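The values are calculated or read from the model by the stated rules, or taken from the named source; none is laboratory data. None of these values were measured; they are calculated from a predicted model. So basically every Cβ, Gly included, is an ideal-geometry build from the backbone, and we count neighbours across all protein chains shown.
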Amino acid sequence: MEKSIISEGKTTNEAIENGLKQLKVSKDKVEIKVLENEEKRSFFSILAPRVVKVQLTLKEQRKTENKAKIEISKENQEKAKENVENFLKDFIKNLSEDTKYSVEINQESMKVDLNGSNLGFLIGYRGETLYAMQNILSAVASKNTETRIRVILDIQGYKEKREKTLEELAQKVAKTVMRTKKPIKLEPMQAYERKIIHSKLQSNKRIDTTSVGEEPYRRIVISLKEN
């Protein structure tokens with residue numbers, strides 16, 4: 001089976017559906033990139049045939065599954081926790097005096113929480129600084145361990161608040177799309193945030209969500225499902 005194909009249709013959804021039929025897979029098994037869409041059509045092009053082109057690329061399912069099954073040994077858990085705690089002890093010396101941290105680790109990942117006053121600069125716009133620090137902590141945790149340690153960082157409960165905000169946004173935009181019958185493209189988001197939008201709207205029988213573009217500018221398009 002081909003790993004990547006280009007499919008066409010009169011709308012983005014139709015192009016995607018045509019490609020899925022050709023690949024004989026469901027939507028969650030592919031990455032979708034819109035090459036040409038129905039937007040930016042001039043008055044003089046209304047009578048011209050409308051063609052939307054999308055590229056569908058099969059996800060590497062087996063590799064993803066194998067990664068998820070890797071377990072962190074007790075020895076590596078202890079080493080990773082020691083690495084991160086030593087790093088954070090020095091790091092919080094530069095922060096407000098009431099800054100506290102907690103570190104928990106299991107066989108799959110490490111969870112780190114930072115709480116204190118005036119920590120907004122560590123979150124950054126849309127969590128950009130937080131995610132950058134999360135990557136740094138992952139590198140710190142993985143030092144002298146046999147496996148790479150996945151770190152999940154949260155600061156002042158930002159992720160929980162952001163998740164609620166995104167779920168509310170998803171519902172609001174979905175209602176607008178159903179009312180206007182026009183697709184809406186959201187701002188670029190982290191993969192973690194896009195997953196929240198997809199999950200929130202997956203049970204809506206009238207709404208379709210598609211990720212388009214390349215990282216770090218990948219974003220979600222919310223549209224009506226084709227009848």
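Some observations on this one:
- The sole residue among K159, K225, K172, K205 that is farther than 22 Å from V30 by Cβ, surrounded by fewer than 17 Cβ atoms within 10 Å (Cβ to Cβ) and of a type in the set (K, R) is K172.
Residue-wise test of (1) of a type in the set (A, V, I, L, M, F, W, C); (2) more than 20 Å from I32 (Cα to Cα); (3) in the same structural domain as D28 (by TED's automatic domain parsing).
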| residue | (1), (2), (3) |
| --- | --- |
| I152 | yes, yes, no |
| K164 | no, yes, no |
| K172 | no, yes, no |
| L186 | yes, no, no |
| I196 | yes, no, no |
| K200 | no, no, no |
| T210 | no, no, no |
| R219 | no, no, no |
| K225 | no, no, no |
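- Filter pass, G157 being out of contact with any strand residue (DSSP E or B) (no Cβ under 7 Å at 6 or more places or on another chain) and more than 30 Å from E75 (Cβ to Cβ): yes
- The residue pairs whose first member lies in segment 65-88 and is among the small types (G, A, S), whose second member is modelled with pLDDT of 85 or more and part of a helix (DSSP H, G or I), and whose beta carbons are closer than 7 Å, counting only pairs six or more residues apart or on different chains, are A80/A141.
- Filtering segment 181-198 to residues that are loosely packed, with under 15 Cβ neighbours inside 10 Å and either among the aliphatic types (A, V, I, L, M) or under 10 Å from S223 (Cα atoms) (or both) leaves K181, K182, I184, A191.
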